[in-house]
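This report refers to the structure that appears directly beneath it.
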Amino acid sequence: MIKSPLALAFLGDAVITFFIRSFLVNDADNKINVLHKRASSYENAKTQAQVYDTLKLTEEEKDLAQRAFNAKVNTKAKNATLCEYRKATALEALVGFWHMNNELDKVTAVVVKLMHDC
């Protein structure tokens, strides 16, 4: 199992992107630039931080999220605070963890929240 929270966040970012794009392609027949703009509106640190704040986590998940939140990163999102960026990293790490553990119901629930609640 991958233990690095940043490696899981790297994976989680790709999983979130894949799920959102899959939903968008199945939902509408839009031009590529429209699909990209819609996807980008859901795939941002501010939205991910808002969803992260709504999660109810197990102790193991809380530990992973805290390690991802506290991980030293050398980048920052363009339109988000450092706290929002760290929460987004924690969310992505959780999604990567759930994907690796085949807990796709949790991944789907997060993506639905990203697309509909925020």
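A few comments on the model shown:
- Straight-line reach from Lys113: taking Cα to Cα under 19 Å and skipping same-chain neighbours fewer than 8 places apart, the aspartates and glutamates in range are Asp13, Asp27, Glu43, Asp53, Glu61, Glu84, Glu92, Glu103, Asp105.
- Per-residue extension of 0.36 nm, minus the Cα-Cα distance of Lys46 and Leu82, leaves a gain of 11.9 nm for this segment.
- Read-out Cα extents along the principal axes in Å, derived from the coordinates shown; its label in (1) 50, 30, 29; (2) 40, 31, 23; (3) 40, 35, 31: (2)
- With all protein chains in place and a 1.4 Å probe, the accessible surface of the chain carries 55 percent carbon and sulfur.
- Extension gain, Phe18-Ile32: 0.36 nm per intervening residue step, less the Cα-Cα distance, totals 3.5 nm.
- Computed over the chain, relative contact order equals 45 percent, with contacts defined as Cα pairs under 8 Å that lie 6+ residues apart.
- Relative to the longest principal axis of the Cα atoms of the chain, the long axis of helix 104-116 makes an angle of roughly 60 degrees.
- Violating pairs (Cα-Cα greater than 22 angstrom) within the set Lys46/Lys78; Lys3/Lys87; Lys72/Lys106; Lys76/Lys106; Lys31/Lys87; Lys37/Lys106: Lys72/Lys106; Lys76/Lys106; Lys31/Lys87; Lys37/Lys106
- For the chain, the longest principal axis of the Cα atoms and the long axis of helix 59-70 meet at an angle of about 80 degrees.
- When shorter helices are ignored and each DSSP H run of at least 4 residues is given -39500 (n - 2.57), the per-residue value for the chain at 222 nm works out to -23500 deg cm²/dmol.
- Accessible surface for the chain, divided over its residues, is 60 Å² per residue with a 1.4 Å probe.
- Summarising the label geometry, the points placed 7 Å from Cα in the beta-carbon direction at Lys3 and Glu103 lie 2.0 nm from one another.
- Computed about its Cα centre, the charge dipole of the chain is approximately 500 debye, with only Lys, Arg, Asp and Glu carrying charge at their Cβ.
The values are calculated or read from the model by the stated rules, or taken from the named source; none is laboratory data. Remember, predicted model here, so these are calculated numbers, not experimental data. Positions of Cβ are backbone-derived with ideal geometry, glycine not excepted, and every protein chain shown enters the neighbour counts. Note: areas computed on protein heavy atoms with side chains; ligands, DNA, RNA excluded. Shrake-Rupley method; radii C 1.70, N 1.55, O 1.52, S 1.80 Å.
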